[in-house]
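Below you'll find the structure, written out as structure tokens, and then a few comments.
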Amino acid sequence: MPDLLRHPTGIRGKVHEITPANAGWGYVGFTLYRLEPGDVAEEATGETEVILVLVEGKARVQAAGQDWGEMGARMDVFEKTPPHCLYVPNGQSWRAVATTPCTLAVCKAPGKGGHKARRLGPEGIELTPRGKGTNTRHVNNIAMEGREVADSLLVTEVFTPAGHWSSYPSHRHDEDDFPRMTYLEETYYHRLNPAQGFGIQRVYTEDGALDQTMAVKNHDVVLVPKGHHPCGAPYGYEMYYLNVMAGPIRKWRFQNDPDHDWIAQRDA
């Protein structure tokens, strides 16, 4: 199995490029650019649809034959304000020119020509709490199932307070058996505050065939090809992650680890 923990390849320019080929799966792609003012990122979408997420900073964006102007508002992701995002369908191209230091995420999955280019945020995105106690986290749903805005992509941001857990109780979505469960590959792009911190993520299957526990640092990406995938933020450090999911159908149905489902039942 490919290495599930991917470190950035640098601090400027294209620092991540996760593809189905190098991830060993079939649907999800994820690219990350860290840009300085005047730097350019541009791609043709080809057979994939993309959602551009201005994680932080600002850029002038052109896509699908339109000028979308300067996008971006939050200068630090931990401001937790809704992100500026843009959907670009397959068979198009996009170009971003940074006007400030800028972190640009490019979320990718197979496109089917079913949606036109459109802004997805900040309008329509509201920071929403989820969970109880030290399982509380805060979610910006960019393009989850409740928003009919993409052919394949499911995209969300999560802020996990210091000392809290997230993607927990442990759950999996690795069987194509709707409505019981959907097969969804997933990437986690992690950030820590303060930046020198670390978080913990475990990716494991119930039979133990896959069981990796990783210390994730600022700008790392974790691949979740199957299994459960909880993560935690140590005392003193809050954690952000941007999730990209995709599979045969654009639905998010999961099952909890039977060993830990009692927590979900108790807190329901």
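The values are calculated or read from the model by the stated rules, or taken from the named source; none is laboratory data. Because the structure is predicted, anything quoted here is derived from the model rather than measured. Glycine gets a Cβ as well: all are built from the backbone with ideal geometry, and neighbour counts include every protein chain shown. Heavy atoms of the whole protein, side chains included, go into the accessibility calculation; ligands, DNA and RNA do not. Shrake-Rupley method; radii C 1.70, N 1.55, O 1.52, S 1.80 Å.
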TODO: Scan region 163-187 residue by residue and report those that are part of a loop (DSSP other than H, G, I, E, B) and out of contact with any helix residue (DSSP H, G or I) (no Cβ under 7 Å at 6 or more places or on another chain).
DONE: 167, 170, 173, 174, 175, 176, 178, 179, 180, 182, 183, 184
Open item on the list: Within region 149-161, does at least one residue satisfy the condition of being out of contact with any helix residue (DSSP H, G or I) (no Cβ under 8 Å at 6 or more places or on another chain), open to solvent by 40 Å² or more (accessible area, probe 1.4 Å) and either modelled with pLDDT of 95 or more or of a type outside the set (Phe, Trp, Tyr) (or both)?
Closed with: no
Task: Any pair with Cβ under 9 angstrom, 6 or more apart, that starts in region 80-93 at a residue that is closer than 15 Å to residue 109 by Cβ and ends at one that is outside any loop (DSSP other than H, G, I, E, B) and among the hydroxyl-bearing types (Ser, Thr, Tyr) - done: 90/48
Open item on the list: Just checking: which of the strands (runs of 3 or more DSSP E) contained wholly in region 188-260 hold 1 or more residues that are buried (at least 18 other Cβ atoms within 10 Å of the Cβ), touching a residue at least 40 places away in the same chain (Cβ under 8 Å) and not hydrophobic (A, V, I, L, M, F, W, C)?
Closed with: 198-204, 238-246
Task: Of the criteria (1) under 19 Å from the mean Cα position of the chain (by Cα); (2) part of a loop (DSSP other than H, G, I, E, B); (3) over 24 Å from residue 158 (Cα atoms), which one residue 21 fails - done: (2)
Open item on the list: When the residues of region 35-46 are narrowed to those that are assigned to a strand (DSSP E or B) and open to solvent by 30 Å² or more (accessible area, probe 1.4 Å), which ends up farthest from residue 109 (Cα to Cα)?
Closed with: 40
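Give the residue that is nearest to residue 81 (Cα to Cα), with candidates limited to residues of region 146-162 that are of a type in the set (A, V, I, L, M) and part of a strand (DSSP E or B). It would help to see each step written out before you state the result.
First pass over region 146-162, keeping only residues of a type in the set (A, V, I, L, M): 149-150, 153-155, 158, 162.
This time we only want the ones that are part of a strand (DSSP E or B), so: 154-155, 158.
Details: 154: 19, 155: 16, 158: 12 Å.
Restricting to residues being of a type in the set (A, V, I, L, M) and part of a strand (DSSP E or B), the top hit is 158.
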Open item on the list: One residue is enough: does region 168-187 have a residue meeting the conditions under 23 Å from residue 11 (Cβ atoms) and of a type outside the set (A, V, I, L, M)?
Closed with: yes
Task: First in region 98-117 and assigned to a strand (DSSP E or B), second anywhere and surrounded by fewer than 16 Cβ atoms within 10 Å (Cβ to Cβ), Cβ under 6 Å, 6 or more apart - done: 98/37
Task: Filter result (open to solvent by 30 Å² or more (accessible area, probe 1.4 Å) and either modelled with pLDDT of 95 or more or over 18 Å from the mean Cα position of the chain (by Cα) (or both)) within region 101-125 - done: 101, 108, 110, 112, 113, 114, 115, 116, 118, 119, 123
- [ ] Specify the residue that is surrounded by the most Cβ atoms within 10 Å (Cβ to Cβ); the eligible residues are those in region 126-145 that are among the hydrophobic types (A, V, I, L, M, F, W, C) and either outside any strand (DSSP E or B) or at pLDDT below 95 (or both).
- [x] 144
Task: Residue check for residue 253: modelled with pLDDT of 95 or more and either farther than 23 Å from residue 162 by Cα or among the polar types (S, T, N, Q) (or both) - done: yes
